[in-house]
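The values are calculated or read from the model by the stated rules, or taken from the named source; none is laboratory data. Owing to the predicted nature of the structure, the values given are computational and were not obtained by experimental measurement. Positions of Cβ are generated from backbone atoms using ideal geometry, with glycine treated the same way; all protein chains shown enter the neighbour counts. Quick note on the areas: whole protein, heavy atoms, side chains included, nothing else; ligands and nucleic acids left out. Shrake-Rupley method; radii C 1.70, N 1.55, O 1.52, S 1.80 Å.
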Amino acid sequence: MINLVLFGPPGSGKGTQSLKLQEKYQLMHISTGDLFRKHMRENTDLGKEAKSYIEKGDLVPDAVTIGMMNDKIEHSPEAKGFIFDGFPRTAAQAEALDRFLNEKGTPVSKMIALNVDDDELVKRLLNRGKDSGRADDQDESIIRNRIEVYNEKTLPVASFYEKQGKYVAVQGVGTIDEIFARLCAEVDAING
Ligand code: AMP
């Protein structure tokens, strides 16, 4: 069983690459951002709570996010492994994920980070905002806040996996296929 954490700032290509990895390696893709947006569309209590944070580009509180993730994993017994996209984003989330997966005997195999510089991220997100309909992709100050939150709260999660010898980073700039090839080389190295 392979469990991947795909890591990187907003706009680094995690979603795009997750879809390709999911297909190639037959893993289940879980994006906490997608799950929150689904809850918001369906106007659930969780969706209502998440909305106020997402609109500002802030993180949804850990308890809500961790509960939603554990629930999703529990309800996916058929999965042959997972790609975690946009999770964990805080040290508390990383610890919770480790506890949860270790109890199941299927720990995180590797965290792969996509490196992209800030100006390129802002450009990509504003571009995506033109047709994604995502309000948080349409306002440069919200985008900048998301990048700031990432640098402050999420970046430290990399060292959590680095200490376990599970962290690698690849260049997140180039064509989609070039970046995918870099990721595949890292995934293929897991069992080899
Ligand atoms: P994303 O689609 O990954 O860019 O996430 C969109 C928004 O959802 C983020 O800006 C956060 O407000 C929220 N979100 C997604 N994943 C998490 C997480 N792991 N922890 C807290 N908030 C999250």
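With the contact rule set at Cα under 8 Å and sequence spacing of 6 or more, what percent relative contact order holds for the chain?
Computed value for the chain: 31 percent relative contact order.
Label-to-label distance, D177 versus T16, with points set 7 angstrom from Cα along the beta-carbon direction: 1.4 nm.
Where nothing but the Cβ of Lys and Arg (+1) and of Asp and Glu (-1) is charged, how large is the charge dipole of the chain around its Cα centre, in debye to the nearest 20? Write down the numbers at each step before the final one.
Details: 26 positive and 31 negative charges, 50 e Å.
Charge dipole, the chain, about its Cα centre: 240 debye, nearest 20.
Normalised per residue, the accessible area of the chain is 50 Å², obtained with a 1.4 Å probe and no contribution from ligands, DNA or RNA.
Under 5 Å between amide hydrogens, built in the peptide plane, is the criterion, and for N3 it picks out F82, S109, K110 among residues at least 5 positions away or on other chains. Apolar share of the accessible surface for the chain: 49 percent from carbon plus sulfur atoms, 1.4 Å probe.
Rounded to the nearest whole angstrom, the semi-axes of the ellipsoid equivalent to region 125-165, taken from the Cα gyration tensor as √(5λ), stand at 28, 11, 6, largest first.
Can you compute the helix-only [θ] at 222 nm over the chain? Use -39500 (n - 2.57) per DSSP H run of at least 4 residues, normalise by all residues, nearest 500 deg cm²/dmol. Intermediate values should be presented prior to the final figure.
On the way: 9 runs with 109 residues, N = 192.
For the chain, the value works out to -17500 deg cm²/dmol.
Among rounded, prolate and oblate, which fits region 2-182 when a ≥ b ≥ c are the square roots of the eigenvalues of its C-alpha gyration tensor, a/c under 1.5 means rounded, and a/b larger than b/c means prolate? It comes out rounded by the Cα gyration axes.
Per-residue 3J(HN,Hα) values for region 42-59, derived from phi via the Karplus relation 6.51 cos²θ - 1.76 cosθ + 1.60 with θ = phi - 60°, read 8, 6, 6, 4, 4, x, 5, 5, 5, 3, 4, 6, 5, 4, 8, x, 8, 7 Hz in sequence order (x marks Gly and Pro). Quick check: Cα centre of region 1-65 to Cα centre of region 81-120, how many Å? What the calculation gives is 12 Å, centre to centre.
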